[in-house]
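Asker: Take this structure, written in C-alpha coordinates, and hold onto it; I'll ask about it next.
The values are calculated or read from the model by the stated rules, or taken from the named source; none is laboratory data. Since the structure is predicted, the reported quantities are computational estimates derived from the model, not experimental observations. All Cβ positions, glycine included, derive from the backbone under ideal geometry; neighbour counts span all protein chains shown.
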Amino acid sequence: MQADAKRGALCAARRWVAALVVALLAFCGAPAAAESRGGTLERLRATLSEAQKELDSGHLARAAELYRQARDEASGLGGDSLPLARALDGLADVHRLAGRPADAAELYLRSAAMWESLLGKRQPRLATTLHNLGVVYVEQGRPDLAGPPLRRALEIWEATLGPASPQARETSRTLLRIEARNRPAD
(Lines give C-alpha, C1' and ligand atoms only; values in the text may rest on other atoms or scores of the structure.)
Protein backbone atom coordinates (compact mmCIF):
# COMPACT_ATOMS: atom_id res chain seq x y z
CA MET A 1 0.00 0.00 0.00
CA GLN A 2 2.81 2.40 0.89
CA ALA A 3 4.56 1.65 -2.42
CA ASP A 4 1.33 2.48 -4.28
CA ALA A 5 1.05 5.78 -2.42
CA LYS A 6 4.68 6.60 -3.24
CA ARG A 7 4.17 5.70 -6.87
CA GLY A 8 0.98 7.80 -7.05
CA ALA A 9 2.63 10.87 -5.52
CA LEU A 10 5.68 10.42 -7.70
CA CYS A 11 3.54 10.03 -10.83
CA ALA A 12 1.61 13.23 -10.13
CA ALA A 13 4.82 15.15 -9.53
CA ARG A 14 6.38 13.72 -12.69
CA ARG A 15 3.40 14.68 -14.85
CA TRP A 16 3.71 18.23 -13.57
CA VAL A 17 7.44 18.21 -14.27
CA ALA A 18 7.03 16.75 -17.76
CA ALA A 19 4.60 19.55 -18.62
CA LEU A 20 7.05 22.11 -17.23
CA VAL A 21 9.95 20.72 -19.26
CA VAL A 22 7.89 20.74 -22.46
CA ALA A 23 6.81 24.33 -21.77
CA LEU A 24 10.37 25.42 -21.04
CA LEU A 25 11.68 23.77 -24.18
CA ALA A 26 9.02 25.53 -26.22
CA PHE A 27 9.71 28.84 -24.48
CA CYS A 28 13.45 28.53 -25.16
CA GLY A 29 12.91 28.21 -28.89
CA ALA A 30 12.83 24.43 -29.10
CA PRO A 31 10.95 24.34 -32.43
CA ALA A 32 13.74 26.24 -34.21
CA ALA A 33 16.41 24.26 -32.37
CA ALA A 34 14.67 21.00 -33.22
CA GLU A 35 14.69 21.88 -36.91
CA SER A 36 18.34 22.85 -36.83
CA ARG A 37 19.30 19.75 -34.88
CA GLY A 38 17.38 17.36 -37.08
CA GLY A 39 14.44 16.94 -34.73
CA THR A 40 16.59 15.82 -31.78
CA LEU A 41 14.61 17.82 -29.24
CA GLU A 42 11.30 16.60 -30.63
CA ARG A 43 12.52 12.99 -30.34
CA LEU A 44 13.72 13.69 -26.82
CA ARG A 45 10.34 15.12 -25.84
CA ALA A 46 8.58 12.08 -27.25
CA THR A 47 10.99 9.66 -25.56
CA LEU A 48 10.70 11.43 -22.20
CA SER A 49 6.92 11.46 -22.48
CA GLU A 50 6.80 7.76 -23.31
CA ALA A 51 9.22 6.98 -20.47
CA GLN A 52 6.98 8.86 -18.03
CA LYS A 53 3.94 6.91 -19.18
CA GLU A 54 5.81 3.64 -18.69
CA LEU A 55 6.91 4.74 -15.21
CA ASP A 56 3.37 5.79 -14.31
CA SER A 57 2.18 2.34 -15.45
CA GLY A 58 4.74 0.59 -13.27
CA HIS A 59 6.79 -0.73 -16.18
CA LEU A 60 10.14 0.07 -14.59
CA ALA A 61 12.37 -1.84 -17.02
CA ARG A 62 10.86 -0.17 -20.08
CA ALA A 63 10.91 3.25 -18.37
CA ALA A 64 14.58 2.78 -17.50
CA GLU A 65 15.38 1.84 -21.08
CA LEU A 66 13.65 4.94 -22.42
CA TYR A 67 15.21 7.27 -19.85
CA ARG A 68 18.67 5.87 -20.69
CA GLN A 69 17.97 6.42 -24.38
CA ALA A 70 16.94 10.03 -23.66
CA ARG A 71 19.98 10.53 -21.42
CA ASP A 72 22.32 9.31 -24.13
CA GLU A 73 20.67 11.43 -26.82
CA ALA A 74 20.59 14.52 -24.60
CA SER A 75 24.25 14.00 -23.68
CA GLY A 76 25.00 14.21 -27.39
CA LEU A 77 23.72 17.79 -27.42
CA GLY A 78 26.75 18.79 -25.35
CA GLY A 79 26.73 20.18 -21.83
CA ASP A 80 23.85 20.33 -19.41
CA SER A 81 20.34 20.63 -20.80
CA LEU A 82 16.77 20.44 -19.58
CA PRO A 83 16.15 17.10 -21.34
CA LEU A 84 19.30 15.64 -19.79
CA ALA A 85 18.26 16.80 -16.30
CA ARG A 86 14.80 15.30 -16.86
CA ALA A 87 16.24 12.00 -18.09
CA LEU A 88 18.51 11.76 -15.02
CA ASP A 89 15.56 12.55 -12.75
CA GLY A 90 13.48 9.86 -14.45
CA LEU A 91 16.26 7.29 -14.06
CA ALA A 92 16.53 8.27 -10.40
CA ASP A 93 12.80 7.66 -9.98
CA VAL A 94 13.16 4.22 -11.55
CA HIS A 95 16.06 3.33 -9.24
CA ARG A 96 14.14 4.56 -6.20
CA LEU A 97 11.04 2.54 -7.06
CA ALA A 98 13.18 -0.51 -7.87
CA GLY A 99 14.78 -0.40 -4.42
CA ARG A 100 18.17 1.01 -5.44
CA PRO A 101 18.31 4.18 -3.32
CA ALA A 102 22.08 4.73 -3.61
CA ASP A 103 21.82 4.89 -7.41
CA ALA A 104 18.76 7.14 -7.12
CA ALA A 105 20.56 9.54 -4.75
CA GLU A 106 23.52 9.89 -7.12
CA LEU A 107 21.25 10.72 -10.05
CA TYR A 108 19.11 13.14 -8.03
CA LEU A 109 22.28 14.98 -6.98
CA ARG A 110 23.39 15.30 -10.61
CA SER A 111 20.00 16.45 -11.85
CA ALA A 112 19.60 18.93 -8.97
CA ALA A 113 22.90 20.55 -9.95
CA MET A 114 21.66 20.81 -13.55
CA TRP A 115 18.24 22.21 -12.63
CA GLU A 116 19.93 24.83 -10.48
CA SER A 117 22.45 25.87 -13.13
CA LEU A 118 19.82 25.93 -15.91
CA LEU A 119 16.79 27.35 -14.10
CA GLY A 120 18.13 29.06 -10.97
CA LYS A 121 18.01 28.45 -7.24
CA ARG A 122 14.31 29.15 -6.66
CA GLN A 123 12.57 26.87 -9.15
CA PRO A 124 9.85 24.37 -8.17
CA ARG A 125 11.50 21.81 -10.48
CA LEU A 126 14.66 21.97 -8.39
CA ALA A 127 12.55 21.63 -5.24
CA THR A 128 10.97 18.42 -6.57
CA THR A 129 14.37 16.85 -7.11
CA LEU A 130 15.64 18.02 -3.71
CA HIS A 131 12.52 16.61 -2.04
CA ASN A 132 13.02 13.25 -3.78
CA LEU A 133 16.69 13.23 -2.76
CA GLY A 134 15.72 13.85 0.87
CA VAL A 135 13.13 11.06 0.74
CA VAL A 136 15.75 8.66 -0.64
CA TYR A 137 18.03 9.53 2.27
CA VAL A 138 15.16 8.87 4.70
CA GLU A 139 14.52 5.51 3.02
CA GLN A 140 18.23 4.71 3.44
CA GLY A 141 17.99 5.48 7.17
CA ARG A 142 20.17 8.60 6.78
CA PRO A 143 18.04 11.39 8.27
CA ASP A 144 21.15 13.51 8.86
CA LEU A 145 21.56 13.79 5.09
CA ALA A 146 17.82 14.14 4.42
CA GLY A 147 17.26 17.36 6.35
CA PRO A 148 19.21 19.84 4.20
CA PRO A 149 17.67 19.01 0.81
CA LEU A 150 14.19 18.74 2.35
CA ARG A 151 14.53 22.11 4.10
CA ARG A 152 15.74 23.69 0.89
CA ALA A 153 12.85 22.16 -1.08
CA LEU A 154 10.40 23.46 1.52
CA GLU A 155 11.91 26.95 1.33
CA ILE A 156 11.60 27.01 -2.48
CA TRP A 157 8.03 25.70 -2.47
CA GLU A 158 6.86 28.09 0.21
CA ALA A 159 8.39 31.00 -1.71
CA THR A 160 7.09 29.98 -5.14
CA LEU A 161 3.90 27.98 -4.55
CA GLY A 162 2.99 29.10 -1.03
CA PRO A 163 3.07 27.32 2.33
CA ALA A 164 -0.35 25.73 1.75
CA SER A 165 0.72 24.03 -1.48
CA PRO A 166 0.57 20.21 -1.44
CA GLN A 167 4.31 20.07 -2.09
CA ALA A 168 5.16 22.33 0.84
CA ARG A 169 2.79 20.46 3.16
CA GLU A 170 4.22 17.04 2.20
CA THR A 171 7.82 18.20 2.66
CA SER A 172 6.93 19.79 5.99
CA ARG A 173 5.34 16.51 7.17
CA THR A 174 8.43 14.58 6.10
CA LEU A 175 10.68 16.95 8.04
CA LEU A 176 8.46 16.65 11.12
CA ARG A 177 8.66 12.85 10.95
CA ILE A 178 12.46 13.01 10.76
CA GLU A 179 12.63 15.38 13.71
CA ALA A 180 10.26 13.20 15.74
CA ARG A 181 12.38 10.11 15.10
CA ASN A 182 15.56 11.91 16.06
CA ARG A 183 14.25 13.35 19.33
CA PRO A 184 15.63 11.60 22.37
CA ALA A 185 13.03 9.69 24.38
CA ASP A 186 12.10 11.32 27.68
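Asker: If you go through segment 124-148, how many residues are over 15 Å from Tyr108 (Cα atoms) and not small (Gly, Ala, Ser)?
Answerer: Result for segment 124-148: 3.
Asker: If you check every pair at least six apart or on different chains, which have Cβ atoms under 6 Å apart with a residue in segment 154-165 that is free of Cβ contacts under 8 Å to residues at least 12 places away in the same chain first and a residue that is surrounded by 13 or more Cβ atoms within 10 Å (Cβ to Cβ) second?
Answerer: Between residues of segment 154-165 that are free of Cβ contacts under 8 Å to residues at least 12 places away in the same chain and residues that are surrounded by 13 or more Cβ atoms within 10 Å (Cβ to Cβ), the close pairs are Glu158/Ala168; Ser165/Trp157.
Asker: If Arg122 satisfies all but one of (1) touching a residue at least 24 places away in the same chain (Cβ under 8 Å); (2) part of a helix (DSSP H, G or I), what's the number of the condition it fails?
Answerer: Unmet for Arg122, out of (1) touching a residue at least 24 places away in the same chain (Cβ under 8 Å); (2) part of a helix (DSSP H, G or I): (2).
Asker: Do you know which of the residues in segment 97-109 that are free of Cβ contacts under 8 Å to residues at least 24 places away in the same chain and not aliphatic (A, V, I, L, M) is nearest to Gly78 (Cα to Cα)?
Answerer: In this case the residue turns out to be Glu106.
Asker: Cβ contacts < 6 Å: first residue over 12 Å from Arg151 (Cβ atoms) and at pLDDT 95 or above, restricted to segment 169-181; second residue in a helix (DSSP H, G or I) and among the basic types (Lys, Arg), any location; separation 6+ or different chain. Result?
Answerer: Partner pairs satisfying both residue conditions: none exist.
Asker: Then there is this: Quick check on segment 152-170: of everything there that is of a type outside the set (A, V, I, L, M) and assigned to a loop (DSSP other than H, G, I, E, B), which residue is farthest from Pro124 (Cα to Cα)?
Answerer: It comes out as Pro163.
Asker: Can you name every residue in segment 102-123 that is surrounded by fewer than 20 Cβ atoms within 10 Å (Cβ to Cβ) and of a type outside the set (D, E, K, R)?
Answerer: Those that are surrounded by fewer than 20 Cβ atoms within 10 Å (Cβ to Cβ) and of a type outside the set (D, E, K, R): Ala102, Leu109, Ala113, Ser117, Leu118, Leu119, Gly120, Gln123.
Asker: How many residues does segment 61-80 hold that are of a type in the set (A, V, I, L, M, F, W, C), surrounded by fewer than 18 Cβ atoms within 10 Å (Cβ to Cβ) and part of a helix (DSSP H, G or I)?
Answerer: Residues meeting the conditions: 1.
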